[in-house]
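What follows is a short report on a single structure.
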Amino acid sequence: MESVIVNPPKIIQGGMGAGVSWWVLARAVSKLGQMGVVSGTALDLILARRLQDGDPGGHIRRAFDHFPFPAMAERIWKKYYIAGGKPADQPYKTIPMHSKNSPRELIELCIIANFVEVFLAREGHDGPIGINYLEKIQLPHLPSVYGAMLAGVTYILMGAGIPNKIPGILDLFVNHKPAVYAIHVDGATPEGDSPVVEFNPALFSERELPPLNRPYFLPIIASNTLAQFMIQKSNGRIDGFIIEGPTAGGHNAPPRGKLRLSEAGEPIYGERDIVDFEQIQKLGLPFWLAGGWATASKLQEARSVGAAGIQVGTAFAFCEESGMSAEYKSRLLTMAKNGQAKVFTDPIASPTGFPFKVALLENTVSERDVYLERRRVCDLGYLREAYQRDNGKIGYRCSSEPVDKYLVKGGLEEKTAGRKCLCNALMANIGHAQIRSDGYVEHPLITCGDDLADVARFLAPGRTSYSAREVVNSLLGIPAAREGVLTDPNRSETIHLS
């Protein structure tokens, strides 16, 4: 198999969800000649909350005005937009949770949210823009991908699962054809409901559209076996791979074989988890290395083993353009500068069952348990799993929801131990924390890679923050002394954070 990608980027900015890799960051990186990536996780919810915050700067309104289906845009605008923003002490309006048969209003919100994020990221330049999805969050895939393609997304990246059914869907959406996506249903039997979600673009279109560009597809993998499987079993063209190691942030692939934990309680990875780059190179497709490759020397090393380049997340997560709350960026950068930053790979925090990296904001192990004191509420539902009920119908459960409800749905009690509501925590990470009726404000749960300890190296003397340009220049080996020559025209641009 030969690559169809011309001039692949040396640097891919990681797609950090939810909302950390937002359009401001992705656009900044792409304008620097590399590949910016927006996170596709929970964009429908994020858009709804940005609108309830009053759309500071009018960026969403500008994107809405370019959306090809104006009646749909107007419905979403009227439902969620609050002029001047909601009162700070008032909760956000909820949106429906995804299901096999999601309501039309949620599907429309999903389409336009993905369009908006990609449209704004692509605005003002002709560089590549990617969008990153988690395969585990299956229910919104079809309208999400279609919305991103309506905006002209260049690359689609997908990890946290085996996304071998996505390439064929891209081919169908080029010509606005309907598609189905098989979802995992725990305990499914042939007598149960069909375990597929369906999406027909024609049912949402307000006018005839020309064919769309087919984005490149890059699965995120952690083994040679999965790379081979994707090439042999995918229903369409694979354009390359991102090979992610266990030091990367967010969800990590579990260690192969029986799970073993260190004294600190973190998963132990071994020789079986090491990817053979020589074998990957023989597949004939470009690949990028992620997790612990964020230096100029590591970029050179990656290219020396045949990689097109590297994917970098954590360094960009703490730059000025990232969507992470300024408060949390500042606190963790200070801790990194003082040699106090710590990241814990929590084997049980995520309802997905995948190990999940957590930055310790207070630098204490006991901090991991404070979040468990939160009253269990599952009102966003992105990480719910589908299961077959006794009557054959499909139900939904999450191991971080109230334990009694989870058990009634057939869940095992041991799976609830240590689980955290990542959905609400990730919203808090980017300044959209929900406020409960009793005054409780959802806590953040910052995820980043092991590189957190080293991000202070991007800080110039006397500075408390750094830009995406400074990260790119550092990775490309451009001396810091030349920063004044390579002034980023966007550094003086006012971007209003919601």
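List of remarks:
- Options ILE129, ILE112: the member that is crowded, with 19+ Cβ neighbours inside 10 Å and within 17 Å of HIS98 (Cβ to Cβ): ILE112
- For segment 75-102, filtered to residues that are out of contact with any Phe, Trp or Tyr (no Cβ under 8 Å at 6 or more places or on another chain) and charged (D, E, K, R), the residue that is farthest from SER205 (Cα to Cα) is ASP89.
- Selection count, segment 31-57, where residues are small (Gly, Ala, Ser) and either touching a His at 6+ places or on another chain (Cβ under 6 Å) or surrounded by fewer than 24 Cβ atoms within 10 Å (Cβ to Cβ) (or both): 4
- Cβ pairs under 8 Å, 6+ apart, first in segment 243-262 and in contact (Cβ under 8 Å) with a residue 24 or more places away in the chain, second buried (at least 24 other Cβ atoms within 10 Å of the Cβ) and of a type in the set (Phe, Trp, Tyr): ILE243/PHE287; ILE243/TRP288
- Single unsatisfied condition, SER30 versus (1) at pLDDT 95 or above; (2) within 13 Å of the chain's Cα centre (by Cα): (2)
- Some residue of segment 311-329 being part of a helix (DSSP H, G or I), crowded, with 21+ Cβ neighbours inside 10 Å, among the aliphatic types (A, V, I, L, M) and free of Cβ contacts under 8 Å to residues at least 40 places away in the same chain: no
- All positions within segment 444-462 that are at pLDDT 85 or above and outside any helix (DSSP H, G or I): PRO444, LEU445, ILE446, THR447, LEU459, ALA460, PRO461, GLY462
- Among residues of segment 21-37, those that are within 11 Å of PRO128 (Cα to Cα) and part of a helix (DSSP H, G or I), counted: 4
- Filtered by the rule that a residue be surrounded by 15 or more Cβ atoms within 10 Å (Cβ to Cβ) and either under 22 Å from the mean Cα position of the chain (by Cα) or farther than 30 Å from ILE242 by Cβ (or both), segment 58-67 gives HIS59, ILE60, ALA63, PHE64.
- Residue in segment 38-56 that is within 30 Å of LEU476 (Cα to Cα), modelled with pLDDT of 95 or more and either assigned to a helix (DSSP H, G or I) or of a type in the set (Asp, Glu) (or both) present: no
- Unmet requirement for ALA18, which otherwise passes all of (1) part of a loop (DSSP other than H, G, I, E, B); (2) farther than 30 Å from ASP186 by Cβ: (2)
- The criterion of at least 3 residues that are surrounded by 18 or more Cβ atoms within 10 Å (Cβ to Cβ) and under 24 Å from the mean Cα position of the chain (by Cα) is met, among strands (runs of 3 or more DSSP E) falling completely within segment 151-234, by 155-159, 216-221.
- Tabulated pairs, segment 164-179, first over 18 Å from GLN232 (Cα atoms), second acidic (Asp, Glu), C-beta under 9 angstrom, 6+ apart or interchain: HIS176/GLU208; LYS177/ASP171; PRO178/GLU198; ALA179/GLU198
- Residue match in segment 80-91 (condition: buried (at least 19 other Cβ atoms within 10 Å of the Cβ), touching a Leu at 6+ places or on another chain (Cβ under 8 Å) and under 19 Å from CYS423 (Cα atoms)): no
- In segment 256-275, the residues that are in contact with a strand residue (DSSP E or B) (Cβ under 9 Å, 6 or more places away or on another chain) and either under 24 Å from THR41 (Cβ atoms) or among the basic types (Lys, Arg) (or both): ARG260, GLU266, PRO267
- Annotation: PHE67 fulfils all but one of (1) under 28 Å from ALA160 (Cβ atoms); (2) among the aromatic types (Phe, Trp, Tyr); (3) assigned to a loop (DSSP other than H, G, I, E, B); the unmet one is (1).
- Restricting GLU401, GLU470, GLU414 to residues that are of a type in the set (D, E, K, R), surrounded by 14 or more Cβ atoms within 10 Å (Cβ to Cβ) and in a helix (DSSP H, G or I) narrows the list to GLU470.
- When each of ARG256, ARG272 is tested for being at pLDDT below 85 and outside any loop (DSSP other than H, G, I, E, B), the lone residue that passes is ARG272.
The values are calculated or read from the model by the stated rules, or taken from the named source; none is laboratory data. Every value quoted in this text rests on a predicted model; they were computed, and no experiment measured them. For neighbour counting, all protein chains shown are included, and Cβ atoms are generated from backbone atoms with ideal geometry for every residue, glycine included.
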